[in-house]
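Okay, so here's the structure we're looking at.
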Amino acid sequence: MDKRVASYIKAEYTKVELLKKTEHSSIWLAKDGTGQIVVVKQLSTTGLPFRKLKEIAHPLWPRILFTAEEDGTTWVVEEYVSGNTLSAEIETGRRFSPAEVKNIMLQLLDGMTAFHQAGIIHRDIKPSNIILQGERQARLLDFGVAREMHRENSPDTRAFGTSGYAPPEQYGFGQTDARSDIYALGVTMKELLEEGNHGWLTAVLDKCTALDPKDRYQNADELKAALLRPSYRRPLRIAALILVACVIFGVGYWMRQQALPPESPEEQRTDTPAHIETPLEEPKPSNESVSSDSPGLAESPSTQENVPIIPQPIPEVAKEPKKLSSEDIGLSLAVGNENLGAGGKYNITVPKAEWEAWETAGTTPMLTKYFPSDWEIVLTIENHSGVPIEAATLKAAINENATMEHYNTAILPGSTAQIAIPLGGRMLQRNGKYIWLSFSSDTPHLKSSSFSYYIWINPETD
């Protein structure tokens, strides 16, 4: 069969350098007839939304110069974008300030709004797919696993994306939509920041990466509004603090005035205005002895030795809540027979004989398994801080279901508690041999982003 598209590409473009080759794609740096550098992609799949991307051209992604499908292959010729990827910047040890992260996010969100409104999901937002040009302009690459959103609420049939950046629903646990890209964007931006709490930005990114899509920002515009909101809320907070301080001072002053002893009539008369004449007392005979006990004389306040001293109340000043860090919280996780650390990515290898003995289901016994009845997730929480941990919560995504377990009693300083989620009888699907966990609480400044787990369950290969 005459492959007209492949022939056209070969005739119009000269390959210069192979940029990337995988089992399903080849990406070349090439030149057109005028010597302009372009990127030529050969993708072994069809149905990708490159035609729509070409129609809704936006400066966020490379300009699509040509695209066509032929014999199960998609051909794309697009603008070559120069610059450093965010992953390359991270590898050099660079970290970005909250202001830089906010600027990058706002640029990405402008483009995300455009392709989301056209019904397109990127599904592979990560540092290696974002390029910075001139230190400030962000560009988003690689729509090779993008898809168009579906109205029906059925799970994705194939797992695409990059482990660690793709949300749970992208692995067959649900239907991907704009919130899936928001999750990946949040994970990417967290990777750019220094470790620690970054105030309002940390709270925004935590909401982006919520395990349940309903708990995330529902679209790019909503997230953009959250990023812009602190710019005018911060002065209001400062004004509110000043007002509270004034109220506390005023209450304290009033309480001190109420605690003072009342003035005597003689003391009150000393306040008589100077222009009002007072009658003169007749002089007393010089031979009279005047004692301090004479009823006609009031004792000077300085000579009163028995007047009680009333302590003045000190107004309470609101204390800034202690900012907790990972050093204040000791976490250890046990899954089945494996004891894991305090967050990160892990692989649990199941011995071959044990894996084969796990209960199977359906007509594909090697692809679908059930966890043994005695398997469970146990998170141990040690409170090393000086404040109680309130409403500790462990969230878990296992296959198509998201399970949430609470530890409702406050974990007091110096004490230990456990949260357990049973795994027995839960099914491991072909594209879902993993568990996703995150720990959070209502304690101020203790964020779930610091304590998350991504655990793969793998059969032994030997």
Count of residues meeting criterion [surrounded by fewer than 15 Cβ atoms within 10 Å (Cβ to Cβ) and of a type outside the set (A, V, I, L, M, F, W, C)] in region 88-109: 6
Residue check for Val350: at pLDDT 65 or above, out of contact with any helix residue (DSSP H, G or I) (no Cβ under 8 Å at 6 or more places or on another chain) and over 29 Å from Asp215 (Cα atoms): yes
Given (1) touching a helix residue (DSSP H, G or I) at 6+ places or on another chain (Cβ under 7 Å); (2) surrounded by 16 or more Cβ atoms within 10 Å (Cβ to Cβ); (3) more than 24 Å from Ala118 (Cβ to Cβ); (4) touching a residue at least 60 places away in the same chain (Cβ under 8 Å), number of the condition Ile9 does not satisfy: (1)
Qualifying residue in region 10-25 (condition: part of a strand (DSSP E or B), of a type outside the set (Ser, Thr, Tyr), modelled with pLDDT under 95 and under 21 Å from Arg147 (Cβ atoms)): yes
Residue list for region 53-64, filter: more than 18 Å from Leu108 (Cβ to Cβ) and surrounded by fewer than 16 Cβ atoms within 10 Å (Cβ to Cβ): Lys54, Glu55
Residues located in region 196-232, provided they are over 15 Å from Ser440 (Cβ atoms), within 13 Å of the chain's Cα centre (by Cα) and touching a residue at least 40 places away in the same chain (Cβ under 8 Å): Gly196, His198, Gly199, Leu201, Leu223, Leu227
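Yes/no per residue for (1) modelled with pLDDT of 75 or more; (2) basic (Lys, Arg); (3) touching a helix residue (DSSP H, G or I) at 6+ places or on another chain (Cβ under 6 Å); (4) surrounded by fewer than 20 Cβ atoms within 10 Å (Cβ to Cβ):
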site: Ile398; (1), (2), (3), (4): no, no, no, no
site: Leu412; (1), (2), (3), (4): yes, no, no, yes
site: Thr443; (1), (2), (3), (4): no, no, no, no
site: Asn458; (1), (2), (3), (4): no, no, no, yes
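For region 29-49, what are the residues that are touching a Gly at 6+ places or on another chain (Cβ under 9 Å) and part of a loop (DSSP other than H, G, I, E, B)?
Matches in region 29-49: Ser44, Thr45, Thr46, Leu48, Pro49.
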Residue match in region 50-67 (condition: assigned to a strand (DSSP E or B), among the aliphatic types (A, V, I, L, M), touching a Ser or Thr at 6+ places or on another chain (Cβ under 7 Å) and not assigned by TED's automatic domain parsing to the domain that holds Leu109): no
First in region 127-144 and on the phi > 0 side of the Ramachandran plot, second anywhere and of a type in the set (Lys, Arg), Cβ under 6 Å, 6 or more apart: none
Selected residue (criterion: nearest to Thr85 (Cα to Cα)) from residues of region 102-141 that are within 20 Å of the chain's Cα centre (by Cα) and of a type in the set (A, V, I, L, M): Ile130
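The values are calculated or read from the model by the stated rules, or taken from the named source; none is laboratory data. A quick note: this is a predicted structure, and the numbers were derived from the prediction, not measured. Positions of Cβ are backbone-derived with ideal geometry, glycine not excepted, and every protein chain shown enters the neighbour counts.
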